[in-house]
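Everything on this sheet refers to the single structure shown next.
The values are calculated or read from the model by the stated rules, or taken from the named source; none is laboratory data. If you're wondering where the values come from, they're calculated on a predicted model, not measured in any experiment. Note that we place each Cβ from the backbone using ideal geometry, even for glycine, and neighbour counts take in every protein chain shown. SASA here: full protein model, heavy atoms, side chains in, ligands and nucleic acids out. Shrake-Rupley method; radii C 1.70, N 1.55, O 1.52, S 1.80 Å.
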Amino acid sequence: MNWMGNLQQLGRSLMLSTITIPVAAILLRLGTLPWQDVHMSRVGEIMLFFGNTIFTYLPVIFAVGVALGLTEGAGIAGMSALIGQIMFNQAIRHYLGDEFHLGIPGGILIGLIAAIIYHRVKHIQLPEYIQFFGGPRMVPLLMGFSILVLTLIVIQIGPYLEYFMQTLSTAILGLGGFGTFVYGVIHRLLVPSGLHHVFNNLFWFQLGAYEKPSGEMIFGDLPRFFAGDPKAGIYMAGLYPIMMFALPAIAMAIIHEAREDLKPKIRITFLTAALASFLTGVTEPIEFAFLFVAPYLFIVHAILSGLSMWIAYYLDIHHGFSYSAGAIDFIINYHLSHNGWMLIPIGLAYFFVYYFLFRWAIRKFRIPTPGREEGSQLEEWAGDIPYRSPLILQALGGKNNIKKIEACITRLRLTLNNDKLMDTAALKHLGAAGVIRLGGGNVQVVFGTYSELIREEIKKVLMKDIQRVLFSAPMQGRMMPLEEVPDQIFAGKLVGNGVAFMPDKGELVAPVAGKIIILYPSLHAVGIQTDEGLEVLLHIGIDTSQLQGKWFTAHIKEGDYVEAGQLLIRFNLHKVKQNCKSLATPMIITNVDKVKSWSFAPFKTVKKGQASVMSVVLKDATGGGNTFG
């Protein structure tokens, strides 16, 4: 059993429920405004009632959300979780009274039970005369029996469980500022894996208890904060200086340490990321820019995050949020805070500490953050998502390698048949800020806030029954538009369409599988016919035919069948460069009449054999004969 993969899926399903809390926060804020008009005052009362209702039914929301999240939206699992939560709540209230609550953890447990039952029975077939109750329709029935067993257990151990939770809560809260420091460090260290959603659940939805004036018991730092508990907010307040100030400071440091020629693009990318962190608390696009190239710096970042939590606790600051510690939540929920204004000067101090620390570290240790060397383009290519998604799919190992694909706010969450088929370099080439392997084929690929759109486009590709040919890089070097080749025939696409490469190593490999249908006597060019009938011309350099094969060595002959990545020609890079017009090497499809549409990866540095540099969709009709001759 792969626990990391299972926790990854649970973390995503928890986000499905958590996303409803901002709705409650906005309604509560609007409901508490001092409306002067009588009718608007009544509307305000209703909004206040609606906001409180969402918090009251959070256990039910989490039960349904977890069930749906772990079953890819299976409605019968969600309905079974809803029925189970209602039955469980009523039974516990009847036999143990209103004093005992499992709250949101109880809802998560019931959602898990519904999801497990669904996956166990969804393929079961019964005899035809009772098949109506077979497969997924068995879930509600088995859920009823499961809740019966769970209720009997909880009735017996309820008092002991309640004592344990109170003892644990008292012990953690008794740690005071040091406890908030430890929480802050662990929370930040878990962010790259996405498991912080699971970790946060204890602190935000179970830790501490508060009795409202109505007598209702509220549990967890987050619900207690919105219920008006003056002691709540200690496990959220210290995150504001990090999200609103520290992470934007890192973005500014990366911008100012970028090379001058790359600085304009880096500025656009990271100012967008800084604004997203400041307003909404989405930090992964910035954190992944240095996590993999300087993990020790991420550890320092985690310790400083914990220190921010401790400082906020020491200064008796209580503030909370409905989604994340961004400026929007800071403003909306400020009326419920205590000493919330003090987070601003703390944040400004953190801004300068982070800014100068990261500029010094990037320069001192020559950290290859984006803009210093070839790095992730992050979100600057959002408009190209429909065109790049087939290339991303190829970099993930292709259609047949995908078992499951989901997305949360900033990352794709995948289960692959074989994660070794994944081309990490290609994914980063296509905009991924980072790739995390959790074992058992479970992988996360961070694409920033466009991850959900990428997932939808990939799902469209998976569903379409179209013929697509995917190309790898035929050489190591810089990928460039065909229009930049210093030759009018190639640049004008008179021979065909495609891309070109400026090599920095003297090797040419096959970009696709196919048959060698022509090898020029001068060995400077080779033609491949793919299984789909595409004719691909690879032409090493410009005006290299005059070299008559000098400094070229062929490793194939006409009629050979080659696989993608197989060595075709080796050449002396320096000698050829000195004796030709340009080393620009076109990779073109000459029978363009067979191609319906084209997709290209970003034009930057690629490795030899790197997947996902070009993709074409074929027309339904077949093309003509050999176009090389």
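One residue alone among Ala171, Ala209 is hydrophobic (A, V, I, L, M, F, W, C), over 30 Å from Ala74 (Cβ atoms), in contact (Cβ under 8 Å) with a residue 12 or more places away in the chain and open to solvent by 50 Å² or more (accessible area, probe 1.4 Å), and that residue is Ala209. Checking each residue in the range 420-441 for being open to solvent by less than 10 Å² (accessible area, probe 1.4 Å) and assigned to a strand (DSSP E or B) picks out only Gly434. Checking each residue in the range 217-234 for being without any contact (Cβ under 8 Å) to a residue 60 or more places away in the chain and either open to solvent by 20 Å² or more (accessible area, probe 1.4 Å) or outside any helix (DSSP H, G or I) (or both) picks out only Asp229.
For the range 64-92, a residue qualifies if it is aliphatic (A, V, I, L, M), part of a helix (DSSP H, G or I) and more than 28 Å from Phe225 (Cα to Cα), and the qualifying residues are Ile76, Ala77, Met79, Ile83, Met87, Ala91. Can you pull out every residue in the range 255-279 that is buried (at least 19 other Cβ atoms within 10 Å of the Cβ) and either modelled with pLDDT under 90 or not aliphatic (A, V, I, L, M) (or both)? Result: Glu257, Ala258, Ile266, Thr269, Phe270, Ala273, Ala276, Ser277, Phe278. In the set (1) free of Cβ contacts under 8 Å to residues at least 12 places away in the same chain; (2) among the hydroxyl-bearing types (Ser, Thr, Tyr); (3) closer than 25 Å to Gly11 by Cβ, the condition left unmet by Tyr183 is number (1). Looking only at the range 131-148, residues that are of a type in the set (A, V, I, L, M) and over 17 Å from Gly78 (Cα atoms) come to 1 in all.
Being part of a helix (DSSP H, G or I), among the β-branched types (Val, Ile, Thr) and either touching a residue at least 60 places away in the same chain (Cβ under 8 Å) or surrounded by fewer than 16 Cβ atoms within 10 Å (Cβ to Cβ) (or both) narrows it down to one residue among Ile124, Ile108, Ile61; which is it? After applying the criteria, what remains is Ile108. Exactly one residue out of Ile186, Ile157 is modelled with pLDDT of 85 or more, part of a helix (DSSP H, G or I) and under 30 Å from the mean Cα position of the chain (by Cα), and it is Ile186. Residues in the range 477-499 that are open to solvent by 60 Å² or more (accessible area, probe 1.4 Å) and either under 30 Å from Thr415 (Cα atoms) or of a type in the set (Val, Ile, Thr) (or both): 1 in all. Return a yes/no flag: does the range 410-419 have any residue that is at pLDDT below 85 and either part of a loop (DSSP other than H, G, I, E, B) or open to solvent by 10 Å² or more (accessible area, probe 1.4 Å) (or both). Yes, that holds for at least one residue. Scanning the range 16-56 for residues that are outside any helix (DSSP H, G or I), within 26 Å of Gly281 (Cα to Cα) and hydrophobic (A, V, I, L, M, F, W, C) returns Ile19, Leu33.
Tally time: how many residues in the range 540-594 are part of a loop (DSSP other than H, G, I, E, B) and exposed (fewer than 14 other Cβ atoms within 10 Å of the Cβ)?
Looking only at that region, the number is 7.
Listed conditions (1) open to solvent by less than 10 Å² (accessible area, probe 1.4 Å); (2) among the β-branched types (Val, Ile, Thr); (3) closer than 22 Å to Pro345 by Cα; (4) modelled with pLDDT of 90 or more are all met by Ile311, apart from (1). When we screen Leu168, Leu161, Leu175 for residues that are more than 18 Å from Met217 (Cα to Cα) and among the aliphatic types (A, V, I, L, M), the only hit is Leu175.
One residue stands out in the range 385-409 among those that are of a type in the set (Lys, Arg) and in a strand (DSSP E or B): the one that is most open to solvent (accessible area, probe 1.4 Å), namely Lys403. Any idea which of Asp531, Asp504 is of a type in the set (D, E, K, R) and in contact (Cβ under 8 Å) with a residue 24 or more places away in the chain? The unique qualifying residue is Asp504. Taken over the range 9-25, the criterion of being farther than 30 Å from Gly440 by Cβ and surrounded by fewer than 16 Cβ atoms within 10 Å (Cβ to Cβ) is satisfied by Val23 alone.
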